[in-house]
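See below for the structure under consideration.
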């Protein structure tokens, strides 16, 4: 489509690919291993390397990018709707309502790691900030980032206190029980692991019934993650309005942003990797370090990556166009990843859930990347949208949208 902003598509494409590098852990085994590589036992050297490299260069950063791009794209859709004389709010809430339905269906029927429901709810809140200038958007985004850091910092302090107090002679029984519950959410017992394996190595109906019963947990997680996600969307809206995410800045500014952002981020995450290893993957260190200590550096590194990707794809050569196509079909590529990988790991498919090490599971990631790069551009050369983008747009507009190019809307 002629009116697309290529820089947004490229960054979104790279982001949706990068997210898979860490999501593969949640596809392939118990959720506790996502943040804690020692959750199921001390990892083998190859898995330790995969964990460390992901922590340094991927984990958190590409989700941040994806969330920022969601905010920027949301603002773009609202602006275009209002320019065309439509109600920005009506267009927006209908899109978010349909996205929420997709998210609920995805989380319940396909994969537990869905992020779409969170984006839909947060997107409704973000609408109220659409007319704010760049400075205020940045101010709100920083404030929400700090709020999130304080929230998880308080949880971390509680964990440090529980850990210390529970190890004392004659410790309060309630305190010990609370600490054990928190500890085993990061280090599951043999019984918990066996129960998890039994669920996800079971039939599709058993897995779907289990996920359907977690509605309360999904609501709690959404409320807990909303401040951070909203802040990231506002950073994206500011990046769009300032021209940063659209490629409007000069090369020198992007070079400076890339150099500083990536350097600061990698240095901070290197310190976190060292702290995790030195503590033997202590629960308070794992949570507080990842959710609080490196939060500003995660955002800096994400901005650095965005600047780097814009610089590398200025000319929009054939490789850049491939990544842009992945970004244009990011919704389909995100859901398609679940449709490709759950049959590999879940019991109703090949049943490799819990059977592979972190490193072994990661070997599937480049294969899925190649699939994304291979199908997206040829499809979009012939059609206006990816399959799930078409479904989202058709449902939100209440009428079937033309799919094949050459047919007018």
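The values are calculated or read from the model by the stated rules, or taken from the named source; none is laboratory data. Just so we're clear, the structure is a prediction, and the values are computed from it rather than from any experiment. So basically every Cβ, Gly included, is an ideal-geometry build from the backbone, and we count neighbours across all protein chains shown.
From the list 96, 17, 48, which residue is in a helix (DSSP H, G or I), over 16 Å from the mean Cα position of the chain (by Cα), at pLDDT 95 or above and buried (at least 19 other Cβ atoms within 10 Å of the Cβ)? Let's see the steps before the verdict.
Values: 17 fails: over 16 Å from the mean Cα position of the chain (by Cα); 48 fails: buried (at least 19 other Cβ atoms within 10 Å of the Cβ).
Testing whether each residue is in a helix (DSSP H, G or I), over 16 Å from the mean Cα position of the chain (by Cα), at pLDDT 95 or above and buried (at least 19 other Cβ atoms within 10 Å of the Cβ) leaves just 96.
Table: residues versus (1) free of Cβ contacts under 8 Å to residues at least 40 places away in the same chain; (2) within 26 Å of the chain's Cα centre (by Cα); (3) not in a helix (DSSP H, G or I).
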| residue | (1), (2), (3) |
| --- | --- |
| 356 | no, yes, yes |
| 361 | no, yes, no |
| 365 | no, yes, no |
| 374 | yes, yes, no |
| 377 | no, yes, no |
| 380 | no, yes, no |
| 392 | no, yes, no |
| 400 | yes, no, yes |
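Sort out which residues of the stretch 107-120 are farther than 13 Å from residue 67 by Cα and assigned to a helix (DSSP H, G or I), and write them in order of number. First the steps, then the outcome.
Initially, the stretch 107-120 is screened for residues farther than 13 Å from residue 67 by Cα, giving 107-114.
Within the stretch 107-120, 107, 108, 109, 110 meet the criteria.
Could you list all residues from the stretch 181-217 that are more than 22 Å from residue 347 (Cα to Cα) and either surrounded by 14 or more Cβ atoms within 10 Å (Cβ to Cβ) or touching a residue at least 60 places away in the same chain (Cβ under 8 Å) (or both)? Talk me through it step by step, then tell me what you get.
At the first step, the residues of the stretch 181-217 found to be more than 22 Å from residue 347 (Cα to Cα) are 181-187, 215-217.
Once the filter is applied, which keeps residues that are more than 22 Å from residue 347 (Cα to Cα) and either surrounded by 14 or more Cβ atoms within 10 Å (Cβ to Cβ) or touching a residue at least 60 places away in the same chain (Cβ under 8 Å) (or both), the stretch 181-217 yields 182, 183, 184, 185, 186, 187.
So which residues in the stretch 114-149 are in contact (Cβ under 8 Å) with a residue 60 or more places away in the chain and surrounded by fewer than 16 Cβ atoms within 10 Å (Cβ to Cβ)?
If the condition is that a residue be in contact (Cβ under 8 Å) with a residue 60 or more places away in the chain and surrounded by fewer than 16 Cβ atoms within 10 Å (Cβ to Cβ), then 125, 133, 134, 142, 143, 147 are the ones that fit.
Hey, among 56, 101, which residue is touching a helix residue (DSSP H, G or I) at 6+ places or on another chain (Cβ under 9 Å), within 20 Å of residue 265 (Cα to Cα) and surrounded by fewer than 19 Cβ atoms within 10 Å (Cβ to Cβ)? Can you show your working first?
Numbers: 101 fails: within 20 Å of residue 265 (Cα to Cα).
Only one candidate qualifies: 56.
For the stretch 28-42, indicate whether the set of residues that are in contact with a helix residue (DSSP H, G or I) (Cβ under 6 Å, 6 or more places away or on another chain), modelled with pLDDT of 95 or more, more than 26 Å from residue 211 (Cβ to Cβ) and part of a helix (DSSP H, G or I) is non-empty.
Within the stretch 28-42, not a single residue is in contact with a helix residue (DSSP H, G or I) (Cβ under 6 Å, 6 or more places away or on another chain), modelled with pLDDT of 95 or more, more than 26 Å from residue 211 (Cβ to Cβ) and part of a helix (DSSP H, G or I).
Of the residues in the stretch 313-335, how many are assigned to a helix (DSSP H, G or I) and touching a residue at least 40 places away in the same chain (Cβ under 8 Å)?
The number of residues fulfilling the criteria is 15.
Being modelled with pLDDT of 95 or more, over 27 Å from residue 216 (Cβ atoms) and in contact with a helix residue (DSSP H, G or I) (Cβ under 9 Å, 6 or more places away or on another chain) is the requirement here; does residue 69 meet it?
Working: modelled with pLDDT of 95 or more: yes; over 27 Å from residue 216 (Cβ atoms): yes; in contact with a helix residue (DSSP H, G or I) (Cβ under 9 Å, 6 or more places away or on another chain): yes.
Yes: the conditions hold for residue 69.
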